[in-house]
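Below you'll find the structure, written out as structure tokens, and then a few comments.
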Amino acid sequence: MGTSVAQWLDERTGAGTVWQALFKRKIPRGVNFLYTFGAATMFIFMLQAVTGIILAMYYSATPETAYDSIMFFTTQVGYGSIVRGLHHWGASSMVVLVALHALVVFALGAYKYPRELTWVVGILLLGIVVGFSFTGYLLPWDEKAYWATTVGTNMAGTVPFAGNFLLLVLRGGSELGAVSLTRFYAYHTVLLPSLALMLIVVHLYLVVKHGVSVPPWLWERKPKLEAKRVEA
Amino acid sequence: MKQNTSGQGVTRRHFLGYVTAALGAFVATVVAVPVVGAFVSPALKKKGSGQWISLGAIDKFTRKEPKMVGITVVKQDGWVEARQPRVVWVVAEDNNKFRVYNAQCTHLGCVADWDPQDRTWKSPCHGGVFAFEDGRVLAGPPPRGLDSLEYKIEGGELVVNYQDFRLGIEEKTAL
């Protein structure tokens, strides 16, 4: 019965092909744990998404209530402190993981032809992760958040020519206040997730299309054979 | 790719597949427990208790006509201490006895209004009608009569133990 349902769906959606392409694809001989940081980042992204949805249910983005709402979530809601903790530590580990992922790709030369666009999209995603960190940091609206974001947005203000414009647009006004908080909340929960999702789809498509790159320590050994494996 | 067709044991490939799936299921469970727990947490809260609120001097209530009294209950609404308006109906009886009703219609919570012509309470929403004598249902969809509230008399004032109840069900249960 299980197979017939799967067959029915596959005939109508082609989901089996997608499954094959994602999880049953051939990978070159000799890959190791250095190749897992991308998938680990993907897992943390999903973790941030589900914990973030719960946090958004209890968050109130006004200067008067932001801190209280987060304290309510952490102290009064069942599992609240765990969900918030997962989101907090997930945020830090995501930055660490994307950095490691980028380092490994760079060190192994995996960004080279034909994978340049995968790299470029990856760099955009790296920027988005940093954006998530920066905007999420403000939301607890405690002293640390307030002053860190004051300093961070002031940095944007020192950009030649466009500085003041950037500062005002980022903050939604000259001072960090109510308008900045709703703005940062929208950046963090609507704008950045949408962008990230689109770019992740492109990134994954390119990864599947080109296959995993052959590790450099196998480049000299039977290059033709290895190249064939990647194609398969 | 060699397939294991002998039916004995599993291939290395399948074994690794199962291990991966099991690890994935384990991690998913570890994440799902707190996430789902926090999501359904409001449903696991203990029931609220009533709060005693003065409705004013007892001599303003009469036997003939019920009197509507608007009150303000103070509720902890998440991270906000909210002041919420509520309405009760009061009918005086002999010997300093009273009947106090939560004005919410027991069907879906519209505030029942007094109809002096029919001498009944009527909900404006779906036609619930309640009797003057005891608040029982005379017509319409409400599953039980108006919810009566506990009261006491303190220093010549009527003080009611205001409480919200679950709506749309037959039993009168605290919310």
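Key figures for this structure:
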| read-out | value |
| --- | --- |
| Descending Cα extents along the principal axes, chain B, whole Å | 93, 36, 23 |
| Distance between modelled label sites at B:A174 and A:V190, nm, 7 Å Cα→Cβ extension | 4.1 nm |
| Integer Hz, Karplus 6.51/-1.76/1.60 couplings in order for the stretch A:13-19, x for Gly and Pro | 10, x, 4, x, 5, 5, 4 |
| Label-point separation in nm, B:K45 to B:D94, each point 7 Å along Cα→Cβ | 4.5 nm |
| Entries in B:K47/B:K122; B:K67/B:K172; B:K97/B:K152; B:K75/B:K152; B:K122/B:K152 that, when Cα-Cα distance is taken, lie over 20 Å | B:K47/B:K122; B:K67/B:K172; B:K75/B:K152; B:K122/B:K152 |
| Helix-derived mean residue ellipticity, 222 nm - over the protein assembly as shown, DSSP H n ≥ 4, -39500 (n - 2.57), to 500 | -16000 deg cm²/dmol |
| Label-point separation in nm, B:L16 to A:T75, each point 7 Å along Cα→Cβ | 5.1 nm |
| Per-residue mean of C-beta atoms belonging to partner chains within 10 Å, peptide B:35-48 | 4 |
| Mean separation of Cα contacts under 8 Å, 6 or more apart, over the residue count of the stretch A:1-136: relative contact order % | 24 percent |
| nm² value of the averaged projected area, convex hull over the Cα atoms of the stretch A:48-162 | 9.6 nm² |
| Mean separation of Cα contacts under 8 Å (6+ apart) over length of chain B, as relative contact order % | 19 percent |
| Rounded D (µm²/s) - the protein assembly as shown, Kirkwood Rh over Cα pairs, Stokes-Einstein at 4 °C, 1.567 mPa s | 47 µm²/s |
| Furthest towards positive pole of dipole, B:W52, B:H107, B:L23, structure part chain B, Cβ charges | B:L23 |
| Computed Kirkwood radius, in angstrom, where 1/r is averaged over Cα pairs of the stretch B:1-99 | 20.5 Å |
| B:V74-B:D118 FRET efficiency (beta carbon distance; Förster radius 25 Å; 0.05 resolution) | 0.10 |
| Calculated FRET value between A:Y113 and A:N164, using beta carbons and R₀ = 41 Å, to 0.05 | 0.45 |
| Student exercise, the stretch A:29-231 dipole from Lys, Arg, Asp, Glu Cβ charges, in Debye to nearest 20 | 1040 debye |
| Dimensions in Å of chain A - Rg and Dmax from alpha carbons | 21.7, 66 |
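Here, each number is a calculation from the coordinates, and none is a lab measurement. Fair warning: this is a prediction, and the values are worked out from it, not measured in the lab. Neighbour counts are summed over all protein chains in view; Cβ atoms, including those assigned to glycine, are modelled from backbone coordinates with ideal geometry.
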